[in-house]
1. Ordered by packing density, taken as the mean number of other Cβ atoms within 10 Å over each peptide's residues, highest first, how do 115-123, 56-64 rank?
2. Which residues in the stretch 71-86 place their backbone N less than 12 Å from a point set 7 Å from the Cα of Thr111 along the Cα-to-Cβ direction?
3. Search the structure for amide H atoms under 5 Å from the amide H of Arg47, placed 1.01 Å from N in the peptide plane, and list their residues when 5 or more places away or on another chain.
4. Would you mind counting up the charge near Pro76? Only other residues with Cβ under 13 Å from its Cβ, with Lys and Arg at +1 and Asp and Glu at -1.
5. So what's the net charge close to Asp26: Lys and Arg +1, Asp and Glu -1, counting the other residues with Cβ under 15 Å from its Cβ?
6. Give me the net charge of Val109's neighbourhood, meaning all other residues with Cβ under 13 Å from the Cβ of Val109; Lys, Arg count +1, Asp, Glu -1.
7. Of Ser37, Ser95, Ser51, Ser32, how do they rank once you tally other Cβ atoms within 10 Å and put the fewest first?
8. Counting other beta carbons within 10 Å of each residue's own, what order do Leu21, Leu72 fall into, fewest first?
Amino acid sequence: MSTSKAALFLLGAALYAQQQLTQVQDTIKDASGQPVSGQCTYQAAARFQDSNQEQIFGSPVTRKFAGGQIALSLVPTDTGVPGPQYYKASCTGVSSSGGSWQHNGNWIVPTTSSTLKLQDIWAATPPAPSIMILPGQILATGLSNGSYCLSVVNGQVTGLTACGGGGGLQLNTLTNSQLTSLTNSTLASMVN
């Protein structure tokens, strides 16, 4: 392999392995229209893996900004595993006229090559977790055919019992130790 081909190969490999960051650029002004200077501190709400299977930790990161101009390069959260992922953020600043600005919230960062504004990533509440249980993931050996409910305590499944009415997640159509369907009237609201 020639030296130029080897250099191109290494450059291509380095670019492939590099994490795509989402760019955020914005201008922050106080209520009188004066630019604000200050800082934003953010951290991953929980440790997650990015799209390159690299670990992103919840250590706080602080970025200062001046003259109202803020620019951030962020690891996208929309492809984080386990999902959903987000950053907890707190921004404060003061303008030359003495006006102050503060915003606390959550940043949900999409993977995009477009440059975003802060309003594109701000969220008042963190993203709702979604759950997915495939019928084949539940082993029901030893149970007779019928309907069963999951018992859940503090977000952890603690048991599988015969349904006695109420709002349990009902496991329907248990046939030959294989679960073939799930029903729950509130399941749709849990996912959305």
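No lab work stands behind these numbers, since they all come straight from the coordinates. Keep in mind that what you see is a predicted model, and the values were worked out from it rather than measured. Don't worry about glycine lacking a Cβ; one is built from the backbone with ideal geometry, like all the others, and counts go over all protein chains shown.
1. Values: 115-123: 15.0, 56-64: 11.9.
The packing order, highest mean first, is 115-123, 56-64.
2. From the stretch 71-86, the list is 76-81.
3. Here the answer is Gly58, since their amide H atoms fall under 5 Å of that of Arg47.
4. Numbers: positive: none; negative: Asp50, Glu54, Asp78, Asp120.
With Lys, Arg at +1 and Asp, Glu at -1, the neighbours total -4.
5. Details: positive: Lys29, Arg63, Lys64, Lys117; negative: Asp30, Asp120.
Summing Lys/Arg as +1 and Asp/Glu as -1 gives +2.
6. On the way: positive: Lys88, Lys117; negative: Asp50, Asp78, Asp120.
Around Val109, the charge tally is -1.
7. Numbers: Ser37 17, Ser95 21, Ser51 14, Ser32 10.
By the 10 Å Cβ count, ascending: Ser32, Ser51, Ser37, Ser95.
8. Details: Leu21 14, Leu72 21.
If I rank by nearby Cβ atoms, fewest first, I get Leu21, Leu72.
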